[in-house]
Structures are given as structure tokens and as C-alpha cells.
Amino acid sequence: MDAARAPQHAAPGPSGAPAGATSAANTPDASPPERSWLSVGARCWLLAYLLGLIYALCQLVHARRMLLGLAAAGSRLITLSEHAGFAMPQTCARTPLVIEVDAPISPMLFGLFTPRLLLPRHLRAFSPIAQQMIVEHELTHLRRRDLQWMSAGVLLQTVLWFNPLMRLLRADLAWAQELGCDRDVLRERSAEQRKAYAAALITQLRVQHRPLRTALAFGAVNASTLATRIALIRQCAAAPAQPWTRRAALCGLAGIVAGSLAFQPALALRSAPLAPAQHGAPDNPRAAPHNATGSLAEGASLAPFGCTEMVDAASGRRLVHEGQCDERVTPASTFNIAVSLMGYDSGILRDEHTPRLPFRPGYADWNRSWRAPTDPASWIKNSVLWYAQQVVAQLGAARFQRYITGFDYGNADLSGDAGEDNGLTLSWVSSSLQISPVEQVAFLRKVVNRTLPLSATAYDMTLRILPAETLANGWEVHGKTGTAMPVLADGTDDKNHQYGWFVGWASKQQRTIVFARLVRDQRRQADSAGPRLKQAFLSELPARLDAL
């Protein structure tokens with residue numbers, strides 16, 4: 001629960017320092033965040049896509065294992081001249097590993113980096129000229145780099161498995177590759193040779209009806225395309241494709257890929273609090289990221305704004321960096337962590353319940369819990385603004401500035417509102433002091449590692465009074481919320497928007513992760529942004545921590 005700054009009158013506290021006020025009520029109970037239908041739909045689609053991708057990858061692995069099994073069961077042909085298919089000089093400068101297999105398969109070429117040619121033993125029963133043309137067909141695939149094109153097609157069809165156009169494109173690519181090899185092999189061949197080639201194709205079709213996706217097989221035809229291919233084989237070779245047809249095909253491929261990616265729904269990996277119009281929690285100082293005074297032009301349009309920053313406390317390695325994490329806003333009630341360290345280090349605060357200060361008329365009191373005597377534990381729990389003001393007033397301006405400068409806390413500007421002389425009471429409440437999520441995490445990492453020039457008591461007592469809870473997966477979270485309204489150019493609060501903070505650290509065994517979450521509501525909400533944000537963040541935090 002944190003406070004929002006309102007146009008109230010300051011009242012002197014026990015130390016004689018004025019106690020500033022703020023605006024906006026806080027409610028300690030935050031409603032759970034709503035998930036939009038788009039977010040749920042996007043997650044369902046992501047799950048369906050991953051399942052489909054896994055299935056497609058399993059098919060590829062299965063085909064690969066079958067090919068490797070066939071190759072392992074065969075025998076390598078060392079002396080190629082002993083096979084009739086290699087009796088004539090080859091036009092391909094690169095000869096793959098040739099493996100003869102005693103299995104009813106079609107001759108096939110596979111292996112992107114180590115090409116292997118599988119030849120069935122029954123191929124030796126074909127006429128020598130038929131064997132030579134079949135072998136030349138497969139070697140033509142190698143010369144034309146069809147293995148690379150086939151691999152690219154298989155990859156695209158696998159990644160974009162949901163797009164039927166990719167399946168059609170892959171089939172057309174295979175069909176074009178076979179026709180291209182037929183054309184090259186049969187160029188200047190006699191009618192008798194073309195007839196023998198067609199007869200060999202029909203024989204292979206009877207042997208293998210479904211060639212593997214990851215291989216280029218001589219018999220890679222089906223009943224619907226066999227007649228067309230046989231007709232083309234028996235005729236004179238067609239003229240080679242013109243360059244414009246190749247460019248058109250490449251443009252069509254690029255268009256299909258771009259369209260498939262463009263029409264994907266958002267994967268909704270960012271959590272709901274980073275989206276506009278979200279639900280949040282209590283805390284309410286005033287903030288704005290646009291200038292040093294934290295004011296906004298009246299009627300200014302606010303773009304979606306938010307950040308999630310997570311860092312490993314020991315190494316400093318950034319684990320999560322989502323959103324506008326370098327933009328500074330008011331720290332709001334998250335500043336109470338710094339006030340607690342200063343208060344215990346200076347001796348103003350002594351333990352969880354000392355000092356216990358009375359509530360006085362004129363103090364900020366828009367929360368019912370603030371209208372009561374307050375000690376350090378209840379101050380942190382309820383974000384009692386006037387209690388923090390009394391601690392800072394006892395520190396004095398010079399000591400307060402030395403602490404903040406030593407903490408390297410945000411912009412370290414404690415001047416307060418221009419011309420108001422309220423730096424000791426309101427500089428951290430939508431005023432001059434501003435800090436970014438990245439700087440919040442850097443400060444908290446120093447707190448966790450105890451590298452600030454503070455006493456051990458300051459660290460121990462701050463940890464003791466800071467709200468903590470244990471997640472279902474065993475992580476213990478210490479954190480502080482904050483809420484603030486942006487300030488318009490005329491100095492009034494922008495009641496239609498709120499900033500919500502939740503900062504702290506999560507520890508489990510020997511590991512600690514420091515985090516900062518910041519959002520800005522895009523419309524007016526009934527409750528306060530900070531506690532609402534905290535509840536939403538804690539609901540997703542176990543999964544995030546397990547993934548890290």
C-alpha cells in the first residue's frame with residue numbers, strides 16, 4: 001500500500017519539519033489480473049504451434065534414421081567402374097559415397113554435408129544404358145545443388161507446418177527438381193534411350209511409392225504425376241527455364257514466408273501488467289517520465305509503457321530486460337527501502353517497533369491505516385508517507401543528500417518541487433527524485449550483496465520489516481510496491497493514469513535474483529496500481545524463476 005500525492009496542506013511533525021501530502025486512495029486488497037481473449041488465444045496458438053513443430057521434427061528424425069539405417073546395412077562401392085551405372089564418364093565433378101543396398105528401394109541421394117548415393121542391388125538387372133541414366137540423374141541432382149534446395153524447402157515446410165502453401169511449394173519444388181534432372185539427362189538422347197529411362201521409372205515406382213522427405217529419389221513420383229513425367233521424358237527436352245521465371249519463383253517463396261510470419265498472433269510472452277488497461281495494487285505517489293519535474297502536458301497522449309528487469313544478484317548478469325527499463329519515474333513508496341536503510345544506519349530507527357510515532361492532525365491521512373500510531377513494521381507494510389517524512393526530517397538535508405549520493409540512487413535530485421522547498425518531505429513523491437527500473441535493480445543488488453557503506457543493523461532490520469512471502473516453488477520474495485499519478489502541466493494529478501512499482505529480490509538456496517517491475521495504466525482504474533501489479537507479477541514469477 002503506497003500513497004499518491006494530493007493537494008493537501010503540510011503540517012509540522014514532532015521534528016518541526018512539514019509533513020507533505022499526496023492524493024488518491026489505496027485499497028489493500030487487489031483484484032486478480034484479467035487476461036484478455038487475445039492473450040489467451042495467443043498462448044493457445046503458441047502451444048498448438050509448438051506441438052505441431054515437435055511432430056514435424058519427429059517425422060524428420062524418423063526419416064533420417066531410416067536413411068542412416070539403410071546406409072549402415074549396405075556395403076560401400078569402392079571401385080565404381082565395377083558398376084554398370086558408372087561405366088560412362090560422369091559430368092559431376094564431385095562423386096558422393098556410393099552404397100549398394102539389398103533392399104527394395106529406389107536409387108536415392110541424401111546428406112547435405114556428406115552426400116551419399118544409395119543404389120539397390122536390383123538395379124544391376126536393368127540394361128546398362130538405363131543404369132547409367134539413373135546414376136546420372138542422381139549425380140545431376142548433386143551438380144545442380146538440389147540437396148541444398150531440398151533442405152531449404154524441408155526446413156521451411158517444417159517451421160511453417162501450419163501453412164498449406166508451404167506443403168504445396170515443397171511438392172512443386174520436388175517436381176521441378178525431377179523434371180530438371182530428366183531434361184539434363186535426356187538432352188540429345190535417342191528415342192530408345194528415353195523409352196528405357198521411362199520404363200526404369202515405372203519399375204522404381206512399383207518398388208517405392210513414398211520416397212523419404214529428406215532424400216532425392218529417382219522414383220519420387222506418384223500416380224497423379226507419373227503420366228505427365230513419362231510424356232515429358234518421351235518428348236524432346238523442353239527449353240530451360242528463363243531467368244525471370246526463377247526470380248518469380250523466389251519472389252513467391254519470399255512472399256509466402258513473409259505472409260506466414262506477418263499473420264502470426266502475438267506470442268504474448270510479456271505478462272499482462274505490461275499491456276494497457278491493467279489491474280494493480282495500492283501505493284500512490286505522483287510520477288511522470290517526461291521531464292525533471294515529472295509533469296505532463298495536459299491532454300498529452302500516453303503510449304503504452306512498462307518494464308520488467310531481472311538480474312542475478314551475485315554475478316550481475318541480466319536475465320530479463322523487457323520494455324522501457326531505462327526511463328526514470330518517481331520511486332514512490334519503493335523509496336521506503338532506502339529510507340529504512342538510512343533510518344537504521346543513523347540510529348533514528350531502532351527495531352521493528354521503535355520508534356512508535358503518534359498520528360497528528362495535518363498528516364497525510366487518506367488511508368485509514370495511516371490514522372494511527374505507527375512503528376517501522378507498520379510503516380513499511382502500509383506505506384505510511386508521514387512516517388517516512390519524519391525519519392527524513394530527522395536526518396536533515398545534508399545527511400539525506402550524502403546517503404542518496406552514496407547509494408547512487410537514480411538522479412539523486414532531492415530539491416523537490418521548484419520553488420516549494422519541500423525536498424525533505426516530497427522529493428521522492430512525484431517530484432524531483434526519479435529512478436529507472438535498471439537503476440532500481442542496481443541499487444537493490446547493492447543492498448542484497450551489502451556493498452553500501454552501512455551498518456549490519458541497517459541491512460538486518462530492513463530485511464526484517466520488508467514484506468516477504470514464499471512462492472509455491474520454494475523461492476522467498478522480499479519486495480516493496482509503489483503507486484503514483486503523473487502530474488499535469490498545471491501541477492494537478494492526472495487521475496486517469498497511474499504508475500505501479502514492485503521491486504525486490506527472490507532467494508532460494510544459494511541464489512538470489514533482483515527484480516523491478518514498472519507499469520503505467522492506460523485508463524483509470526478503481527484500485528491502486530502497485531499492489532495490483534504485485535499480485536500479477538507474483539502469479540507469473542514462479543514460472544519465470546524456474547525458467548531462469
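Annotations
- Any hit, the range 128-147, residues being surrounded by fewer than 19 Cβ atoms within 10 Å (Cβ to Cβ), part of a helix (DSSP H, G or I), free of Cβ contacts under 8 Å to residues at least 40 places away in the same chain and out of contact with any Pro (no Cβ under 6 Å at 6 or more places or on another chain): no
- For the range 398-477, the helices (runs of 4 or more DSSP H) that sit wholly inside it and include 3 or more residues that are in contact (Cβ under 8 Å) with a residue 12 or more places away in the chain and of a type in the set (A, V, I, L, M) are 437-449, 456-465.
- For the range 199-207, the condition holds for no residue, the condition being that it is under 23 Å from residue 76 (Cβ atoms) and free of Cβ contacts under 8 Å to residues at least 40 places away in the same chain.
- A residue that is closer than 21 Å to residue 322 by Cα, in contact with a strand residue (DSSP E or B) (Cβ under 8 Å, 6 or more places away or on another chain), hydroxyl-bearing (Ser, Thr, Tyr) and touching a residue at least 60 places away in the same chain (Cβ under 8 Å) occurs somewhere in the range 499-510.
- Failed item in (1) touching a strand residue (DSSP E or B) at 6+ places or on another chain (Cβ under 8 Å); (2) open to solvent by less than 30 Å² (accessible area, probe 1.4 Å); (3) hydrophobic (A, V, I, L, M, F, W, C), with residue 536 passing the rest: (1)
- The one condition from (1) among the β-branched types (Val, Ile, Thr); (2) modelled with pLDDT under 95; (3) in contact with an Asp or Glu (Cβ under 8 Å, 6 or more places away or on another chain) that residue 457 does not meet is (2).
- Test: residue in the range 85-100 that is modelled with pLDDT under 80 and over 26 Å from residue 188 (Cβ atoms): no
- Residue match in the range 434-441 (condition: of a type in the set (A, V, I, L, M), farther than 30 Å from residue 312 by Cβ and in contact with a strand residue (DSSP E or B) (Cβ under 8 Å, 6 or more places away or on another chain)): no
- Single unsatisfied condition, residue 197 versus (1) assigned to a loop (DSSP other than H, G, I, E, B); (2) of a type outside the set (A, V, I, L, M, F, W, C); (3) modelled with pLDDT of 75 or more: (1)
- In the range 314-333, the residues that are in contact (Cβ under 8 Å) with a residue 12 or more places away in the chain form Cβ pairs under 6 Å with partners that are open to solvent by 30 Å² or more (accessible area, probe 1.4 Å), at six or more places apart or across chains, as follows: 319/548; 322/270; 325/438; 326/438.
- Of the residues making up the range 150-173, those that are in contact with a Leu (Cβ under 8 Å, 6 or more places away or on another chain), open to solvent by 30 Å² or more (accessible area, probe 1.4 Å) and aliphatic (A, V, I, L, M) number 3.
- For the range 355-412, the candidate set comprises residues that are aromatic (Phe, Trp, Tyr) and open to solvent by 30 Å² or more (accessible area, probe 1.4 Å); within that set, the residue that is modelled with the highest pLDDT is 359.
- Just one of the numbered conditions (1) within 34 Å of the chain's Cα centre (by Cα); (2) under 18 Å from residue 530 (Cα atoms) is not true of residue 379: (1).
- Residue within the range 157-172 that is under 18 Å from residue 118 (Cβ atoms) and without any contact (Cβ under 8 Å) to a residue 12 or more places away in the chain present: no
- Neighbours by Cβ (under 7 Å, 6+ apart or cross-chain): first from the range 46-60, within 12 Å of residue 160 (Cα to Cα); second open to solvent by 40 Å² or more (accessible area, probe 1.4 Å): 49/162; 52/161; 52/162; 53/161; 56/161
- Residue in the range 428-451 that is at pLDDT 95 or above, under 19 Å from residue 344 (Cα atoms), surrounded by 22 or more Cβ atoms within 10 Å (Cβ to Cβ) and of a type in the set (Val, Ile, Thr) present: yes
The values are calculated or read from the model by the stated rules, or taken from the named source; none is laboratory data. Computed from a predicted model, the values in this text were never measured in an experiment. Don't worry about glycine lacking a Cβ; one is built from the backbone with ideal geometry, like all the others, and counts go over all protein chains shown. Only protein heavy atoms, including side chains, enter the accessible area calculation; ligands, DNA and RNA are left aside. Shrake-Rupley method; radii C 1.70, N 1.55, O 1.52, S 1.80 Å.
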